[in-house]
Amino acid sequence: MSLLGLANSLARGIKVNGLNIVGLVNRGRFREEFNIDLMVNELKVLTLKVFLGREPYYGPWVEAFNINPLFWNSLDNKIITLITKYLPPGGVMYIEYLTDEETRIQLQRGYPPFLSRLGYIMLNAGFTWFKDWYYPEGWLEGGPKLEGQLPANCSDALRHWRSIRENALRFLESTGGDEYWVKALERANYLVKKNYECIT
């Protein structure tokens, strides 16, 4: 599959949790780039910026921004999982998180990104390497965003998962007490017990 397939699928429309979502596809700044506004009736759910890649220099990526919090929490898991199916090994996704209170607070506190609400969804969708772009470096990058990268191969996947497990173990030694810490702690507990099998 390719990201062109993602655009075609969204343009035809998908149904998620009883909502009919249609993607309005527009050309981007470059021939390899396009934008997709995901709409529920007349309301925008979010915008996806899709870059097909430019071999051999740049790989493909997808960015989600202009996220409407009224819809996002009920759609995020399905939309992220759908996008993952169209990204190749090593593909990247960026998601703005300022409207996601739990993720924003957990990342501001320095929790490992994959223990945040959004990072954990991305991890379960297949992303194994993360970076918190809490301070965008430039002009057109937009707001803070969480980056997830799919493993390029089994060797990368297993190396990333060793790091995830080590960081989850360290987090279990932390102290906290509020709901954001408890949720991250529950995720860490699950991850240290999980047996990972490479399927890339």
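Since every read-out is calculated from the coordinates, none of them should be taken as a lab result. Predicted model only: the values in this text are computed from it and were never measured. When we count neighbours, we look across all protein chains shown, and the Cβ atoms used for this are built from the backbone with ideal geometry, even at glycine.
Do any GluC sites (Glu not before Pro) in the range 1-89 lie in a loop, going by DSSP, with at most 15 other beta-carbon atoms within 10 Å of their beta carbon, and if so which?
Values: sites: GLU32, GLU33, GLU42, GLU63; in loops: GLU32, GLU42.
Those satisfying the criteria are GLU32, GLU42.
Give the separation of the Cα centroids, the range 9-62 to the range 77-108, in Å.
Centre-to-centre (Cα) distance: 14 Å.
If you average the sequence gap of Cα pairs under 8 Å that are 6 or more apart and divide by the length of the chain, what percent do you get for the contact order? Please list the in-between numbers first.
On the way: 334 pairs, mean separation 29.1, N = 200.
This gives 15 percent for the chain.
So, R0 is 30 Å and r is the distance between the beta-carbons of ASN26 and ASN153; what FRET efficiency does that work out to, to 0.05?
Values: r = 34 Å, r/R0 = 1.13.
So, using R0 = 30 Å, E works out to roughly 0.30.
Can you list the aspartates and glutamates whose alpha carbon is less than 20 Å from that of LYS183, not counting same-chain residues fewer than 8 positions off?
Qualifying aspartates and glutamates at Cα under 20 Å: ASP76, ASP100, GLU101, GLU102, ASP132, GLU166, GLU173.
Here are some values of semi-axes √(5λ) of the Cα gyration tensor in Å: (1) 30, 21, 16; (2) 45, 24, 15; (3) 28, 20, 16. Which one was computed from this structure?
So the structure-derived entry is (3).
Restrict the search to the range 155-200; then list the trypsin sites (Lys or Arg not before Pro) that DSSP places in a loop and that have at most 15 other Cβ atoms within 10 Å of their Cβ.
Working: sites: ARG159, ARG162, ARG165, ARG170, LYS183, ARG187, LYS193, LYS194; in loops: LYS194.
For trypsin sites (Lys or Arg not before Pro) across the range 155-200 that sit outside H, G, I, E and B with at most 15 neighbouring Cβ atoms in 10 Å, the list reads LYS194.
Specify the residue with the greatest mean-square fluctuation among MET122, MET39, MET93, computed from a Gaussian network of the chain linking alpha-carbon atoms under 10 Å apart.
Judging by the Gaussian network model, the answer is MET39.
Using a Gaussian network model of the chain whose springs link C-alpha atoms within less than 10 Å, name the residue from LEU87, LEU70, LEU185 with the highest mean-square fluctuation.
Highest fluctuation among the options: LEU70.
Given the pairs LYS44/LYS193; LYS78/LYS131; LYS49/LYS193, which span a C-alpha to C-alpha distance of over 32 angstrom in this model?
Working: LYS44/LYS193 39 Å; LYS78/LYS131 22 Å; LYS49/LYS193 36 Å.
In this structure, LYS44/LYS193; LYS49/LYS193 exceed 32 Å between Cα atoms.
How large is the helix-only mean residue ellipticity at 222 nm for the chain, computed as the sum of -39500 (n - 2.57) over DSSP H runs with n ≥ 4, divided by its residue count, in deg cm²/dmol to the nearest 500?
On the way: 6 runs with 78 residues, N = 200.
Rounded to the nearest 500, the figure is -12500 deg cm²/dmol.
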